[in-house]
Ligand code: SF4
């Protein structure tokens, strides 16, 4: 334990809180918002409807998240739409002296970015009132110490400067959440834990059959932080506590803000706990300058974004943490960016994750590593920062959903096709899998390589799941031996007990028949818009084919692109003259594989542009993004929400379909003579 924290004074908030400041009503009327910013206090209730569905994208648009410190306080609600206008300008909320922000239904929906409540907090907001509050946004508020409530009666109390009992904000929540609210945030609560001032309630779940996910959580359950004791025999859905992590990782969008929290709360010269099990990645924004608009560059946003890189590098060096960084800019390319060592998920799977581990990452696609039978999940900035201190993370055991794909896997049908089919199932489309553990099983899933399994677990994020995983088997052992030179006997020992018990409890079992699967594409707008290619009803011409990302930049994905392109070359065909085709691998390891297999030559000969690893176009920050709304892209990435990869229309598809469409010039499935080795 960090010695200075033992002596750090830490107290609960007083039983009564008094909030002094103004109340900002986020209404669907731009003029009324402007009048509040100019100093007018609206009546309660105001004369216009409160805005519903305020997403975190509206609170802090993605480009605002290039800021990582108190500067964020200049920007809350910059993307907030009222009527057809965006009435909130830089600095206006902070200058307005607001302490309470009020809106309607579903406050904080969408991305889990913690920059949103942090921007509000830095602008002076201490209380958020809404009809209902989205789970992750609400947790992020709690972790930061921002109070939340659905009680509109508090508005008049705030205005009158009345004391409000703290119990109003803790009513009906679990013990840990109550403690976090009472101590004013997760960090303060954890300091109290480290000092033995709070005791996390013990889990006393009796003997029961468990799913593999529950077993891994039970093995990692923290029973005593001070003595480093972990492990309980059983857990069940609803049990609340902390779980010990084996790996913690973050990328440049999150590390700098966590580092600021570390500096401000723990101390610049204090060392993180167990730095060997922490990894940083410079992967999201290495190609940003090739994709950012001139307007944003002129506004200085590129310089701000580059600060993220530097801040992460400095903290990694100071703490002795392994950073998978940006490649050196090559002279021959006139100092243009050269990509990164690896995308975080690709590297964690390739080189670090082991069956049975518990992994957290600052990214929603962290379940990628579930392909090896890990429980891996995404967390926010404050949770990452606290995990540097305690090595654990708070959670409530989620229920498990079993998705079985029965029967032999049809040739030429890929994990991406499985997922596009799963995402269109009513249970998933209706959001009932949100926050659950998704366990994939069945003969067709077992037939997949580890790389292909990772496509399924990665896209547990699109399902909305807490995590996705597949019970590890001999294929996992072979993968670890082949990719890392691991000792097979040792790897087999890791598999011990890593299966779901007969009689384990599933909230839902979804059974799919593999023989009914066919190549699918998701229509623009949502990964759940999957249709068979034959159902498109017309020939959809494409302008861009993008073959990359963590989901589709693995060795098996390269096998698929290369198989399609080789057969095209044998027929004398190339990438269609109307199409720009990009292949981008997930790591240098995958690039080396492409070199060994001769794929780089194949990509070049067929007319595809090969790009060094990075998230790039997948996050609207690199070659392959669209530049106008009419541009049509076929892409093997994992999500196609509006604007995800530029303003155009983005269809999601498998690596085979993406490559075949690049050759044809329109969306088409690949008709394989045979499936390449390593894919089926
Ligand atoms: S490649 Fe795309 S989905 Fe994967 S980590 Fe990067 S931005 Fe996220």
Mean separation of Cα contacts under 8 Å, 6 or more apart, over the residue count of the range 237-281: relative contact order %
61
Over the range 65-114, relative contact order from alpha-carbon pairs under 8 Å, at least 6 apart, %:
26
A student applying the Cα gyration tensor rule (rounded when a/c is under 1.5; otherwise prolate if a/b is larger than b/c, oblate if not) would label the range 1-52 prolate
In Å and whole numbers, how far do the C-alpha atoms of the range 266-335 stretch along each principal axis, longest first?
42, 28, 17
Rounded, prolate or oblate, given the Cα gyration tensor of the range 543-608, with a/c below 1.5 counting as rounded?
oblate
Put a dot 7 Å past each Cα toward the Cβ at residue 18 and residue 396; how far apart are the dots in nm?
3.4
Which order results if 555, 109 are arranged by neighbouring Cβ count within 10 Å, fewest first?
109, 555
Considering only DSSP beta bridges whose two residues both sit in the range 1-135, what percent are antiparallel, to the nearest 5?
20
Relative to the longest principal axis of the C-alpha atoms of the chain, give the angle of the C-alpha long axis of helix 655-664, reported between 0 and 90° and rounded to the nearest 10°.
60
Overall dimensions of the chain as given by Cα atoms, namely Rg and Dmax in Å
25.0, 79
Any chance you could run the full-extension gain for residue 132 through residue 486? It's 0.36 nm times the residue separation minus the Cα-Cα distance, nm to one decimal.
122.5 nm
Is the shape of the range 314-443 best called rounded, prolate or oblate, per the rule: a/c under 1.5 gives rounded, else a/b larger than b/c gives prolate, else oblate, with a ≥ b ≥ c the square roots of the Cα gyration tensor eigenvalues?
oblate
Okay, helix-only estimate at 222 nm for the chain: each DSSP H run of n ≥ 4 adds -39500 (n - 2.57), divide by all residues, round to 500 deg cm²/dmol; what do you get?
-8500 deg cm²/dmol
Unit-weight point scatterers at every alpha-carbon of the range 536-680, Debye formula, q = 0.12, 0.18 1/Å: log10 I(q)/I(0) is -0.41, -0.95
Counting only DSSP beta bridges with both partners in the chain, the antiparallel fraction in percent, to the nearest 5, comes to 25
The helix 381-390 Cα axis meets the longest alpha-carbon principal axis of the chain at an angle in degrees, between 0 and 90 and rounded to 10, of 80
All alpha-carbon distances of the range 393-531, grouped into 5 Å bins from 0, give the whole-percent distribution 2, 10, 18, 21, 20, 14, 9, 4, 1, 0
Where the Cα pairs of the range 13-116 fall when distances are cut into 10 Å bins, in %:
15, 47, 32, 7, 0
What is the order of 520, 147, 323, fewest Cβ neighbours within 10 Å to most?
323, 147, 520
Here, residue 4 and residue 538, labelled 7 Å along Cα→Cβ, have an inter-label distance in nm of 6.4
Quickly work out the residue 85-to-residue 506 label distance, labels modelled 7 Å from Cα along the C-beta direction, and quote it in nm with one decimal.
5.4
Once normalised by the length of the chain, the mean sequence separation of its alpha carbon contacts under 8 Å that are 6 or more apart gives a contact order in percent of 12
In degrees, nearest ten, helix 588-597 long axis to first principal axis of the chain (Cα)
10
Listed with the fewest Cβ neighbours within 10 Å leading, 482, 453 appear as 482, 453
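Values quoted throughout were computed directly from the atomic coordinates according to the rules given, and no laboratory measurement underlies them. Everything quoted here is computed from the prediction, not taken from an experiment. Counting neighbours? That spans all protein chains shown, and the Cβs are built from the backbone with ideal geometry, glycine included.
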